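One structure is given here, and the rest of the page talks about it.
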Amino acid sequence: MKPLAVITGVGPGTGSALVRRFQHGGYRVAMLARNAERLQALAQECPDALALPCDVAQADTLNAALARIEAEAGTCSVVVHNAVGGAFGNFLDIDPAVLDANFQVNVMALLHLARWAAPQMKAAGCGTIIATGNTSALRGRAHFAGFAPTKAAQRILAESMARELGPQGIHVAYLLIDAVIDLPWTRRRFADKPDDFFIRPQDIADEAWHLVQQPRSAWSFLTEVRPFKESW
């Protein structure tokens with residue numbers, strides 16, 4: 001039986017690349033995203049993929065999707081929380097409800113995923129939980145008040161999980177992406193930028209795969225990826 005990977009935020013970029021990478025690596029993949037049409041198209045491309053339209057910000061909906069995954073595909077070996085909620089504006093301008101909504105996607109969904117997956121992984125004695133993040137997890141820049149606090153909280157939650165679950169054989173990692181991801185809309189927005197300005201979704205997926213394959217003697221928690229020309 002194939003091992004199972006659960007991936008949230010399966011959009012046209014990183015999420016789809018993650019699905020393809022794990023499917024190519026021999027996993028059955030359960031895909032969660034709000035866009036049902038996109039999921040079905042990707043399921044046609046990836047044999048054995050399980051498409052579950054789901055808003056991870058809604059706890060009841062997410063938990064129902066996870067129960068369906070367990071019923072139809074069994075226990076999971078890998079979780080990649082790639083779904084992201086973001087909004088920009090200073091702390092005086094943003095609607096507080098927006099910050100709360102982003103917190104549900106970035107932090108609470110990770111909590112629900114981990115609470116579902118960790119007992120299964122403990123029973124198996126192994127497993128990997130990855131959250132994808134960005135530099136907002138490390139700094140609160142102006143006009144990022146609706147986003148950065150939630151990514152920082154997500155990183156701290158993942159670190160707390162890593163410290164608890166690591167000694168039990170479960171690898172928790174935070175994959176920080178310091179780059180503009182190569183997508184049609186980012187290409188249009190940064191039309192004057194060369195190819196090497198962007199990070200390729202498939203390269204992000206390869207790094208997630210690498211984290212899953214790391215030996216226990218050399219686990220990473222915080223992994224940063226950026227193009228070689230990125231200023232940091």
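The values are calculated or read from the model by the stated rules, or taken from the named source; none is laboratory data. Given the structure is predicted, the values throughout are model-derived calculations rather than measurements. All Cβ positions, glycine included, derive from the backbone under ideal geometry; neighbour counts span all protein chains shown.
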Within segment 24-38, work out how many residues are within 16 Å of the chain's Cα centre (by Cα) and either acidic (Asp, Glu) or not in a loop (DSSP other than H, G, I, E, B) (or both).
5
Residue that is farthest from ASP203 (Cα to Cα), among those in segment 129-154 that are surrounded by fewer than 22 Cβ atoms within 10 Å (Cβ to Cβ) and of a type in the set (D, E, K, R):
ARG141
Which one is modelled with the lowest pLDDT among residues in segment 132-150 that are part of a strand (DSSP E or B) and under 23 Å from VAL212 (Cα atoms)?
GLY133
For segment 167-187, enumerate the residues that are more than 21 Å from ALA17 (Cα to Cα), surrounded by fewer than 17 Cβ atoms within 10 Å (Cβ to Cβ) and in contact (Cβ under 8 Å) with a residue 40 or more places away in the chain.
GLN168, GLY169
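In this structure, is ILE129 among the β-branched types (Val, Ile, Thr) and either assigned to a helix (DSSP H, G or I) or closer than 17 Å to ASN90 by Cα (or both)?
Numbers: among the β-branched types (Val, Ile, Thr): yes; either assigned to a helix (DSSP H, G or I) or closer than 17 Å to ASN90 by Cα (or both): no.
The answer is no for ILE129.
Among the hydrophobic types (A, V, I, L, M, F, W, C), at pLDDT below 95 and over 21 Å from THR14 (Cα atoms) - does that describe any residue in segment 151-166?
Let us first name the residues in segment 151-166 that are among the hydrophobic types (A, V, I, L, M, F, W, C), namely 152-153, 156-158, 161-162, 165.
Then drop every residue that is not at pLDDT below 95, which leaves none.
So far as segment 151-166 goes, no, none of its residues is among the hydrophobic types (A, V, I, L, M, F, W, C), at pLDDT below 95 and over 21 Å from THR14 (Cα atoms).
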Identity of the residue in segment 178-203, of a type in the set (A, V, I, L, M, F, W, C) and either more than 18 Å from the chain's Cα centre (by Cα) or within 12 Å of ILE130 (Cα to Cα) (or both), that ends up modelled with the lowest pLDDT:
TRP185
Taking segment 188-224 and keeping only residues that are among the aliphatic types (A, V, I, L, M), crowded, with 16+ Cβ neighbours inside 10 Å and farther than 13 Å from ALA173 by Cα, one is left with ILE199, ILE204, ALA205
